[in-house]
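The values are calculated or read from the model by the stated rules, or taken from the named source; none is laboratory data. Note that this is a predicted model, so its numbers are computed, not measured. Reconstructed Cβ throughout: ideal geometry from the backbone, glycine too, with neighbour counts over all protein chains shown.
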Amino acid sequence: MFTPEREDHEELLDEHDAPRPDMERSLRDLRRINRYLGGISIYQRLLRHHSPKTPLRELAVLDVGAGTADLISSLPGNAMRIALDFKIDHLLYLREGTRVRRVVGDAMRLPFRADAVDVVTSSHFFHHFDDAENVTILGEGLRVARKGVMVIDTLRNYIPLLVVRLLGALRLFGRITRFDAPASVLRGYTVAEATRIADKAKAARRKVVRAFPFRFGILLWKQ
């Protein structure tokens with residue numbers, strides 16, 4: 001009873017003609033959400049499932065749909081870090097001071113050779129696509145990764161929906177985020193739906209986990 005019907009609304013930040021001040025405000029909103037509402041901690045915590053013997057600082061990671069690359073930039077160490085997104089403006093925003101390589105590309109046709117990195121990740125990117133598209137994206141991740149794939153997204157649930165609407169009503173978000181944050185929740189998946197998609201990926205092992213607060217993670221291993 002806490003799960004609304006899935007609604008596939010286009011998000012304003014994905015548009016090509018969003019005014020630059022609004023776009024930059026939204027990108028800053030997303031970075032604050034990651035910092036203060038658990039995005040960074042969940043990203044690092046779930047990534048450790050792929051590195052029980054390898055410290056995070058030594059993992060070569062490709063983050064797909066990376067936006068401003070704040071999540072992958074949060075990883076310790078000097079191993080290879082690659083942020084991929086189809087929006088060059090997002091990749092270039094606030095890029096100073098990080099060693100992350102930035103690549104413009106298509107998640108369904110990653111511009112990398114097989115086994116190029118240890119782990120392919122994505123965060124709050126899965127909900128932009130339907131089941132078949134996500135199976136393709138997971139498959140591309142498995143092709144490029146040596147160890148496996150990690151996906152994080154928000155659970156479709158009325159509680160996070162109410163939280164982001166409240167934050168928007170309090171004007172703690174900019175114009176784009178006030179529309180996109182609820183739209184993202186409503187475009188999201190449940191654990192059961194994510195499991196159904198993960199089961200179609202050609203992984204040696206797979207696991208779908210809940211992550212507090214109101215996130216899920218898909219973990220795929222190649223071996």
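For the condition of a type outside the set (Lys, Arg) and outside any helix (DSSP H, G or I), Val185 does not qualify.
The residues listed here are Ala83, Ala69; of these, the one that is touching a helix residue (DSSP H, G or I) at 6+ places or on another chain (Cβ under 8 Å), on the phi > 0 side of the Ramachandran plot, at pLDDT 95 or above and of a type in the set (A, V, I, L, M, F, W, C) is Ala69. Among the residues in the range 133-156, are any closer than 24 Å to Arg45 by Cα, among the hydroxyl-bearing types (Ser, Thr, Tyr) and assigned to a helix (DSSP H, G or I)? For the range 133-156, residues closer than 24 Å to Arg45 by Cα, among the hydroxyl-bearing types (Ser, Thr, Tyr) and assigned to a helix (DSSP H, G or I): absent. Number of residues in the range 169-185 that are in contact with a Lys or Arg (Cβ under 9 Å, 6 or more places away or on another chain) and surrounded by fewer than 16 Cβ atoms within 10 Å (Cβ to Cβ) equals 3.
Here Leu56 clears all of (1) over 22 Å from Leu220 (Cβ atoms); (2) touching a Pro at 6+ places or on another chain (Cβ under 9 Å) except the condition numbered (1).
Tally the residues that are within 25 Å of Arg57 (Cβ to Cβ) and surrounded by fewer than 14 Cβ atoms within 10 Å (Cβ to Cβ), restricting the search to the range 102-117. Qualifying residue count for the region: 3. Selection of the range 34-52 for residues being of a type outside the set (D, E, K, R) and free of Cβ contacts under 8 Å to residues at least 24 places away in the same chain yields Tyr36, Ser41, Pro52. Of everything in the range 171-180, what is assigned to a helix (DSSP H, G or I) and without any contact (Cβ under 8 Å) to a residue 40 or more places away in the chain? Give them in sequence order. Arg178 - this is the single residue of the range 171-180 that is assigned to a helix (DSSP H, G or I) and without any contact (Cβ under 8 Å) to a residue 40 or more places away in the chain. In the set (1) within 22 Å of Phe126 (Cβ to Cβ); (2) in contact with a helix residue (DSSP H, G or I) (Cβ under 7 Å, 6 or more places away or on another chain), Pro76 fails one condition alone, (1).
Selection of the range 118-134 for residues being among the aliphatic types (A, V, I, L, M), closer than 26 Å to Ala183 by Cβ and surrounded by 13 or more Cβ atoms within 10 Å (Cβ to Cβ) yields only Val120. Taking the range 89-128 as the range and being of a type in the set (Phe, Trp, Tyr) and closer than 28 Å to Pro55 by Cβ as the test, the residues that pass are Phe112, Phe125, Phe126.
Does Ala194 satisfy the criteria of being out of contact with any Cys (no Cβ under 9 Å at 6 or more places or on another chain), in a helix (DSSP H, G or I), touching a residue at least 60 places away in the same chain (Cβ under 8 Å) and of a type in the set (A, V, I, L, M)? Considered against the rule, which asks whether it is out of contact with any Cys (no Cβ under 9 Å at 6 or more places or on another chain), in a helix (DSSP H, G or I), touching a residue at least 60 places away in the same chain (Cβ under 8 Å) and of a type in the set (A, V, I, L, M), Ala194 comes out as yes. Is the range 38-48 home to any residue that is at pLDDT 95 or above, of a type in the set (Ser, Thr, Tyr) and either over 28 Å from Leu161 (Cα atoms) or more than 12 Å from the chain's Cα centre (by Cα) (or both)? Yes: the range 38-48 contains one or more residues that are at pLDDT 95 or above, of a type in the set (Ser, Thr, Tyr) and either over 28 Å from Leu161 (Cα atoms) or more than 12 Å from the chain's Cα centre (by Cα) (or both). State yes or no: is Gly65 touching a Pro at 6+ places or on another chain (Cβ under 7 Å), touching a residue at least 40 places away in the same chain (Cβ under 8 Å) and small (Gly, Ala, Ser)? No: the conditions fail for Gly65.
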